[in-house]
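Step one of this worksheet: look at the structure below.
The values are calculated or read from the model by the stated rules, or taken from the named source; none is laboratory data. Everything numeric here is computed off the predicted structure, so don't read it as measured data. Don't worry about glycine lacking a Cβ; one is built from the backbone with ideal geometry, like all the others, and counts go over all protein chains shown. Just so you know, the surface numbers come from the protein's heavy atoms only, side chains and all, with ligands and any DNA or RNA stripped out. Shrake-Rupley method; radii C 1.70, N 1.55, O 1.52, S 1.80 Å.
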Amino acid sequence: MAMNYDYLIVGSGLFGATFAHQMTKAGKKCLVIDKREHIGGNVFCKEIEGINIHWYGPHIFHTNDKEIWDFVNSFVEFNRFTYSPVANYKDTMYSLPFNMNTFYQLWGAKTPEEAKLIIKTQVENNLVKKPKNLEEQALNLVGTDIYTKLIKGYTEKQWGRKATELPAFIIKRLPIRFTFDNNYFNDKYQGIPMGGYNKLIEGLLEGIEVKLETDFFLEKKELMKLAPKLVYTGKLDEYFDYSLGHLQYRSLNFEHQILDAENYQGTAAVNYTDSETPYTRIVEHKHFEFGKQAKTVITKEYPLEWTPQNEPYYPINDTSNEDLANKYKKLKELEPNVIFGGRLAEYKYYDMHQVIGAALHTAKNELNVR
């Protein structure tokens, strides 16, 4: 089998698609493969009732990097969506992120000074000089009420462990705003691609050969003959056949429902922050693109322990997993013709703009080297 391509790219998500686009633009020939039946990885959207459903959970694009913002907008125009989720704690609604609206809802505080004093008093009553776990760390940062109602239950569901069993470093800081501002992100640029993320991925992969439902590990021997260089965006430990052990992830289960209602919850996301509700949030997708469709589609998001049968969504970056990941990263040095990129291959939590930025940087370096 002849080497017909310059690069074999495993995975058609943001890293793989961005890298393939840049190299194709530079005259290189790429083959992109993906084991799923669709392109786009976890940003894939499925159209139901005329609504673009974020099939693997909501993806809100946000960045301060104008170059990256202009880059993605060159493929599809992004709208002006602003992420403003709401928290539901035992049927009482609170604004997110923690801001003056939240503090008024919690305590009736009308001024920043009132809110600051309440938080300061609660923090002082719980102060632990060297927090040993997430609970102690959170109480040190925001006090009892915010922690109990808006952090504890949600976090324990998300991680599948008690807050007292989670390391303190998971919450390094908790942003508190003393303004009446429900915009979740501080970034200058924010939005959703008009028509869904598929338009972005299709634009990136335009004119590039893609093979779907192709499992790299089942056909590795033959696939590796197609190109001198491999770009790998799958699980880091799987590439090395789990030779040093399994890295841990958290997984998710999505329960999608079509409802005969124009507007179910009035916002794109409601986080359920009590411990009794089994799901962490309900997403109503039409709000991402200001939809006016007659029906609506909601998704309940259930966190899961990861098993090899489940999709890995985000790494568990505790000390033992980081140590194991670093050992695997040393093995990468023995693979000079393989580029490892993206959240899974780097065992690192990336936002979308960071994945694209890393792919652009990697492609630029690759072209400079060659």
Q | Count of residues meeting criterion [over 23 Å from THR148 (Cα atoms) and within 22 Å of the chain's Cα centre (by Cα)] in the range 258-282 | A | 2
Q) Out of (1) among the small types (Gly, Ala, Ser); (2) assigned to a loop (DSSP other than H, G, I, E, B); (3) within 26 Å of GLN158 (Cβ to Cβ), the odd one out for ALA294 is which? A) (3)
Q. Which residues, taken from the range 2-37, are hydroxyl-bearing (Ser, Thr, Tyr), part of a helix (DSSP H, G or I) and surrounded by 24 or more Cβ atoms within 10 Å (Cβ to Cβ)?
A. THR18
(Q) Within the range 250-271, does at least one residue satisfy the condition of being in contact with a helix residue (DSSP H, G or I) (Cβ under 8 Å, 6 or more places away or on another chain), hydroxyl-bearing (Ser, Thr, Tyr), farther than 17 Å from ALA17 by Cα and in a loop (DSSP other than H, G, I, E, B)? (A) yes
Q: Please give the number of the condition LYS116 fails out of (1) over 25 Å from ASP318 (Cα atoms); (2) among the basic types (Lys, Arg); (3) surrounded by 18 or more Cβ atoms within 10 Å (Cβ to Cβ).
A: (3)
Q: Select from the range 40-54 the residues that are open to solvent by less than 40 Å² (accessible area, probe 1.4 Å) and not hydrophobic (A, V, I, L, M, F, W, C) and write down the one among them that is farthest from the chain's Cα centre (by Cα).
A: ASN52
Q) Taking the condition open to solvent by 50 Å² or more (accessible area, probe 1.4 Å) and assigned to a loop (DSSP other than H, G, I, E, B), does GLY57 pass? A) no
Q: Determine which single condition ILE151 fails, assuming it passes every other condition in (1) within 30 Å of the chain's Cα centre (by Cα); (2) assigned to a loop (DSSP other than H, G, I, E, B).
A: (2)
Q: Those residues that are buried (at least 17 other Cβ atoms within 10 Å of the Cβ) and either of a type in the set (Gly, Ala, Ser) or in contact with a Cys (Cβ under 7 Å, 6 or more places away or on another chain) (or both), I need them from the range 200-218; list them, please.
A: ILE208
Q.
Just checking: which of the strands (runs of 3 or more DSSP E) contained wholly in the range 162-246 hold 2 or more residues that are aliphatic (A, V, I, L, M) and closer than 30 Å to HIS38 by Cβ?
A. 229-232
Q: Considering each of TYR184, TYR197 in turn, give the residue that is among the aromatic types (Phe, Trp, Tyr), open to solvent by less than 30 Å² (accessible area, probe 1.4 Å) and within 19 Å of the chain's Cα centre (by Cα).
A: TYR197
Q: Would you check which residues across the range 162-181 are surrounded by 16 or more Cβ atoms within 10 Å (Cβ to Cβ) and of a type in the set (Lys, Arg) and list them?
A: ARG177
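Scan the range 316-366 for residues that are in contact with a Gly (Cβ under 8 Å, 6 or more places away or on another chain) and touching a residue at least 60 places away in the same chain (Cβ under 8 Å) and jot them down.
Filtering the range 316-366 for residues in contact with a Gly (Cβ under 8 Å, 6 or more places away or on another chain) gives 324, 341-342, 344-345, 350, 355, 358-359, 362.
If the condition is that a residue be in contact with a Gly (Cβ under 8 Å, 6 or more places away or on another chain) and touching a residue at least 60 places away in the same chain (Cβ under 8 Å), then LEU324, GLY341, GLY342, LEU344, ALA345, VAL355, ALA358, ALA359, THR362 are the ones that fit.
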Q: Answer yes if at least one residue in the range 73-84 is open to solvent by less than 40 Å² (accessible area, probe 1.4 Å), in contact (Cβ under 8 Å) with a residue 24 or more places away in the chain, not in a loop (DSSP other than H, G, I, E, B) and not aromatic (Phe, Trp, Tyr), and no otherwise.
A: no
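Any chance the range 132-144 includes a residue that's under 16 Å from TYR272 (Cα atoms) and surrounded by 15 or more Cβ atoms within 10 Å (Cβ to Cβ)?
no
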